[in-house]
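A short worksheet on the structure shown next.
Read-outs: derived from the displayed coordinates by stated rules, not from any lab. A quick note: this is a predicted structure, and the numbers were derived from the prediction, not measured. All Cβ positions, glycine included, derive from the backbone under ideal geometry; neighbour counts span all protein chains shown.
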Amino acid sequence: MPLRIHDKLSSFRDERYLFMAIIVIGIFLRLFNLTERPMHHDESVHGYLAYWIYKYFAYTYDPAFHGPFIYYITAFAFYLFNDSILVARLVPVTFGVVLIILPYFLKRWLGNSYLFLSLLLGISPTFLYFTRFLRNDIFILVFFFITFIAYMWFRETGEEKYIVIGLIAAAFGFITKENAIIYAFIFISFMFFNGLREHRAGYIRLCLNYWRGYLVGLAVFAIIFSVFYSSFFLNPEGLKTAVIGSVEHWLKMHEIKDHYKPPYYYFGIFFRYEFLIFLMGLVGVLQILQKKEKNVFPLFVGYWAIMSLLIYGYLSHKVPWLSIHMLLPFAVGGAYLLKELRLDRKDVRVAMAVAVAATLVVAIHVNYINYANDDEMLVYVQTKPEFVQLVGILKKKLEMGEGVWVIEPENDYWPLPWYLRNYEVSFSRYPPDQINTTVVTSYSYEEEILNRINYEPVKVYYELRPGYYMVLIQKR
């Protein structure tokens, strides 16, 4: 009799041991050498703004830096364990581990293939990289994955508590990053069209039967949204910016082609790093379309995957961390495919084992060996390790009582403010008429600074990120 994946796994004395092993592997991969990679520009901004909340409870929403959740949760971590690179990155690591655990709640639809989904999310090069990276994307991904799971359980049980859970998770997604609008559009449009497919005009009446759940969920949504964007009501203007200004800002970024990449950009990431997730997910989605599936779970997953590809492919703003928003539904689709896949053929089992092993090798290479190599597509304007040498020199000078002045007309000196956050350092866009202290500036501004220095200078160049150098100018 043909052997299916869930039959194969049932031979284990207790699948919980396998699940725990996957979680432990995921935790180890995320914690190993966690502080080795220098703080990226974006990480340093997020960490520094969280540091200001931790020290002074000062924060104002700016759509250029996304929603407030990352700052408050990181500030809370600083409050518990003090501020450091390790603590800052432990926040996304924690959410990365939660992401590995969440497939358990899809066992009803995936069978024991939920273990495979957890494994994929645990060893994926891209998920691993950006769950060791202080950016907003892993947070919003987890929140909307919870929303998806809550929707499936609501359909299964009809219990209104899942409406509330889904809306609360979505609320935290909305205070995390503006692409919550994309998630909301994909999820709501699917629920609406699928509801019409199943119930036609009766769908609206069916929804009204659960008005209490929607009312409570939306009320909590509004409270969470208002509290965080208004900086706990200390800055009510933040609410207006969140509702109107954020949309205007990112529409403008699309128009000016900020971080522009061609429509096929993400496919380079998929085939270079995520061949297992993408190809299995793609086959799964094609199978759903071919079979004209009526089961809502695969329909939702297929719709989510296709719409994500279309929307993120269309937007001009393309950066590697956004790829995880497309990869998640493909990973779920791949796990669903495996649930139906027969593993009685030895060559199929061997191919799967080789693909998993290859994925793990790629993940280790890009995360622990090539993490600062510009040739890697996941490595995007990464701070160079040599820049940390400059940080060490400046700290020594500051600890000896010497003055340090960082001067750059475009404020393009990050991550220095993060690394020097506990020191008295002057950061300025314009130099004074006379300079007699150690100066750090960009190489493009070097001559302007040298014209104002009244000592014999020694210059040393440090590459901050690919092709961009900072200059340390000090007394001979």
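So the values come out like this:
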quantity	calculated
Per residue convex hull volume, Cα atoms of the range 292-450, in Å³	184 Å³
Calculated FRET value between R429 and I101, using beta carbons and R₀ = 30 Å, to 0.05	0.05
Added length on full extension, which subtracts the Cα-Cα distance from 0.36 nm per residue, E410 to I311	32.5 nm
Whole-Å semi-axes of the chain's equivalent ellipsoid (Cα gyration tensor)	44, 27, 19
Distance-filtered residues of the range 407-439 - backbone nitrogen under 20 Å, label point 7 angstrom along W52 Cα→Cβ	407-430
Entries in K261/K384; K396/K459; K318/K459 that, when Cα-Cα distance is taken, lie over 25 Å	K318/K459
Proximal lysines relative to K292, as straight alpha-carbon distance under 22 Å, when same-chain residues fewer than 8 apart are discounted	K339
Derived scalar couplings ³J(HN,Hα) [the range 184-194; Karplus, 6.51 cos²θ - 1.76 cosθ + 1.60; whole Hz; x for Gly, Pro]	4, 4, 5, 5, 5, 5, 5, 4, 5, 5, 5
Nearest-ten-degree value, helix 15-31 long axis tilted from longest Cα axis of the chain	20 degrees
Radius, Kirkwood style, for the range 103-170 when every pair of distinct Cα atoms is counted (Å)	13.1 Å
Inter-centroid distance (Cα atoms) of the range 187-240 relative to the range 266-305, Å	28 Å
Kirkwood-type radius of the range 1-146, with distances r between different C-alpha atoms, in Å	16.6 Å
Residue-averaged 222 nm ellipticity for the chain, from DSSP H runs of 4+ at -39500 (n - 2.57), nearest 500	-19000 deg cm²/dmol
Inter-label distance, nm, simple model (7 Å from Cα along the C-beta direction), V319/V361	3.2 nm
Using a Förster distance of 60 Å, the FRET efficiency for N194-K396 (Cβ separation, nearest 0.05)	0.45
Helix 323-340 axis, angle to the chain major axis (alpha carbon atoms, nearest 10°)	30 degrees
